[in-house]
Amino acid sequence: MKFKIRAAIKEDCKEIWRLIKELAVYEKMPDQVKISHEELERDGFCQNPFYECLVAEVAEENKSSEGFTVVGYALYFYTYSTWMGRSMYLEDLYVMPEFRGNGIGKSLLSSVAKVGKDKQCVRLQLSVLDWNTPAREFYAAKGALDLTDSEGWHFIRFHGQSLDNLASGAASNQ
């Protein structure tokens with residue numbers, strides 16, 4: 001099946017949002033999606049974007065059973081390691097189920113890696129749910145290392161009230 005990987009444009013945000021919601025259903029967390037396609041537009045297509053995104057697109061004759069031609073996406077952003085330097089974080093990689101097995105996910109992942117290498121990033125990091133064996137095997141087959149056991153890292157998050165409480169303890173600049 002022919003497909004192309006391209007940089008997302010603002011007009012893709014409704015499709016990306018649709019795919020984000022599909023991914024959330026797959027990850028058994030559909031109620032966790034709180035953003036809108038308008039927020040994706042605002043945050044990804046501003047002067048200093050918070051993220052970048054690639055989309056996978058098939059020709060009209062290969063569109064999905066629901067009529068979609070954007071069938072996958074990879075959303076990522078840049079981080080910085082105080083030990084290693086420039087880095088990237090892959091927030092999401094998703095391909096619609098009916099299009100899996102055609103090399104689209106591999107091409108999205110490779111394209112993200114190329115973007116990073118072109119910007120002198122030294123690593124690409126991501127998180128995978130512990131029960132998502134197909135994804136863990138997919139990344140391992142491409143050479144990714146699972147740092148959970150080997151380095152003992154835990155993924156920590158401040159959210160909602162805990163983030164508000166933390167921020168309220170910041171020293172004021174008076």
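The values are calculated or read from the model by the stated rules, or taken from the named source; none is laboratory data. Here the structure is a predicted model, which means the values were calculated and not measured. Glycine also receives a Cβ, built like all others from the backbone with ideal geometry; neighbour counts cover every protein chain displayed. SASA here: full protein model, heavy atoms, side chains in, ligands and nucleic acids out. Shrake-Rupley method; radii C 1.70, N 1.55, O 1.52, S 1.80 Å.
Going from most exposed to least, what order do 17, 131, 83 have by accessible area with a 1.4 Å probe? Let's see the in-between values first.
On the way: 17 65, 131 95, 83 210 Å².
So, going from the largest accessible area down, we get 83, 131, 17.
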Exercise. Measuring from the lowest to the highest alpha carbon on each principal axis, how far does the stretch 71-174 reach, largest first, in angstroms?
Worked result: 58, 31, 31
Problem set entry | Dipole moment magnitude, nearest 20 debye, the chain about Cα centre, only Lys, Arg, Asp, Glu C-beta charged | 540
For this session: Scan the stretch 133-172 for chymotrypsin sites (Phe, Trp or Tyr not before Pro) in coil per DSSP, keeping those whose Cβ has at most 12 other Cβ atoms within 10 Å, and list them by number.
Result: 153, 155, 158
Exercise. Just one of [x] 9.4; [y] 12.9; [z] 10.0 is mean projected area of the Cα convex hull in nm² calculated from these coordinates, so which is it?
Worked result: [y]
Seminar exercise, completed: Summing -39500 (n - 2.57) over every DSSP H run of at least 4 residues in the chain and dividing by its residue count gives a helix-only mean residue ellipticity at 222 nm, to the nearest 500 deg cm²/dmol, of -9500 deg cm²/dmol
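For the full complex of protein chains and a 1.4 angstrom probe, list 121, 46 by accessible area with the highest value first. Show your work: numbers first, answer last.
Values: 121 10, 46 55 Å².
Of 121, 46, the descending order of accessible area is 46, 121.
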Exercise. So, with a 1.4 angstrom probe, what is the percent of accessible area on the chain that is carbon and sulfur?
Worked result: 54
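Any chance you could run the full-extension gain for residue 68 through residue 146? It's 0.36 nm times the residue separation minus the Cα-Cα distance, nm to one decimal.
Numbers: separation 78, 0.36 × 78 = 28.08 nm, distance 3.37 nm.
Here the segment from residue 68 to residue 146 would lengthen by 24.7 nm.
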Problem set entry | Anchor residue 2: aspartates and glutamates whose Cα lies under 20 Å away (excluding residues fewer than 8 positions away in-chain) | 12, 15, 57, 60, 61, 66, 98
Problem set entry | Using a Förster distance of 22 Å, the FRET efficiency for residue 106-residue 132 (Cβ separation, nearest 0.05) | 0.85
For this session: Just grab the label-to-label distance for residue 167 and residue 86, each label 7 Å out from Cα along the Cβ direction, in nm (one decimal).
Result: 3.0
For this session: Extending each Cα 7 Å along its Cβ direction at residue 34 and residue 61, get the distance between those two points in nm, one decimal.
Result: 4.6
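Distance check, please: which entries in 4/117; 114/142; 14/142; 63/117; 10/142 exceed 23 angstrom between their Cα atoms?
Details: 4/117 20 Å; 114/142 14 Å; 14/142 30 Å; 63/117 31 Å; 10/142 30 Å.
14/142; 63/117; 10/142, as the Cα separations exceed 23 Å there.
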For this session: Please calculate how many Å² of accessible area the stretch 1-159 carries per residue, with a 1.4 Å probe and no DNA, RNA or ligand atoms counted.
Result: 65
Seminar exercise, completed: For residue 133, the accessible surface traced by a 1.4 Å probe with all protein chains present amounts, in square angstrom to the nearest 10, to 60
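Rounding to the nearest 20 debye, state how big the charge dipole of the stretch 107-155 is about its Cα centre with +1 on each Lys and Arg Cβ and -1 on each Asp and Glu Cβ. Spell out each step's value before the answer.
Numbers: 6 positive and 6 negative charges, 75 e Å.
Charge dipole, the stretch 107-155, about its Cα centre: 360 debye, nearest 20.
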